[in-house]
1. For segment 1-45, what are the residues that are modelled with pLDDT of 90 or more, among the basic types (Lys, Arg) and exposed (fewer than 13 other Cβ atoms within 10 Å of the Cβ)?
2. Which residue, of 93, 60, is in a helix (DSSP H, G or I), in contact (Cβ under 8 Å) with a residue 24 or more places away in the chain, at negative phi and of a type outside the set (Val, Ile, Thr)?
3. Can you pull out the residues in segment 119-138 that are in contact (Cβ under 8 Å) with a residue 24 or more places away in the chain, in contact with an Asp or Glu (Cβ under 9 Å, 6 or more places away or on another chain) and either in a helix (DSSP H, G or I) or among the aliphatic types (A, V, I, L, M) (or both)?
4. Could you list, in sequence order, the residues of segment 58-92 that are closer than 30 Å to residue 137 by Cα, of a type outside the set (A, V, I, L, M) and either surrounded by 12 or more Cβ atoms within 10 Å (Cβ to Cβ) or in contact with a Pro (Cβ under 8 Å, 6 or more places away or on another chain) (or both)?
5. In the set 53, 48, which member is in contact with a Ser or Thr (Cβ under 7 Å, 6 or more places away or on another chain), of a type outside the set (Gly, Ala, Ser) and at pLDDT below 90?
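The values are calculated or read from the model by the stated rules, or taken from the named source; none is laboratory data. Predicted model, so just to flag it, every value in this text is computed and none were measured. When we count neighbours, we look across all protein chains shown, and the Cβ atoms used for this are built from the backbone with ideal geometry, even at glycine.
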Amino acid sequence: MMTEPRMIEKVARATHIFSAFWVIVLALIICIDVLGRYLFSLPLLGANEIIRNSVVSITFLQIPLAIYRGGMIRTTLVYGAVGPNWQRALRTFASLCGLLFFVGTAFSAWGPAIEALAVSEYEGEGALRVPTYPVRFLVVMTSLFAAYVYLYLLYLDWTDQLPEEETVGA
């Protein structure tokens, strides 16, 4: 067996929970910014930069758990009309596409992440400058983890250890 399934799920769940807390913090930042603008004509400095970087981070942190739980978008029109062998072939094709996509994303994001770190790239001017390299490295790391989750699901599928899928609408 490649990895203990509970460990993959625990890491995926931890990234998902972290992103949920990040959403709450982001909501507080937005509320403070809006109230500051409305009540005191004083926006929260750096709110735009924090929000801009947070949206990307939150999205990538939620991807591995969505993949692990089978929550990625799939049409059942063809999948439901074919037998188990073809369903496995379609799952394999989808997993390979996902694996290649996230490996490609990690590979293409690596250079910009290194460059952002080397030149101390940031967003914003004045009172608050938000570094961009943490988000860039987060994209690399979560993309690699997402690719690994796809690889692990392929392994489970081809060793007949993949949990049964729930029927949509049942």
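1. Residue satisfying the conditions is 10 alone.
2. Values: 93 fails: in contact (Cβ under 8 Å) with a residue 24 or more places away in the chain.
Answer to the check: 60.
3. The answer is 128, 130, 136.
4. Keep residues of segment 58-92 that are closer than 30 Å to residue 137 by Cα, which gives 58-74, 91-92.
Add one more test, that the residue is of a type outside the set (A, V, I, L, M), and what stays is 59-60, 62, 64, 68-71, 74, 91-92.
59, 60, 62, 64, 68, 69, 70, 74, 91, 92 - these are the residues of segment 58-92 that are closer than 30 Å to residue 137 by Cα, of a type outside the set (A, V, I, L, M) and either surrounded by 12 or more Cβ atoms within 10 Å (Cβ to Cβ) or in contact with a Pro (Cβ under 8 Å, 6 or more places away or on another chain) (or both).
5. Numbers: 48 fails: in contact with a Ser or Thr (Cβ under 7 Å, 6 or more places away or on another chain).
On inspection, the qualifying residue turns out to be 53.
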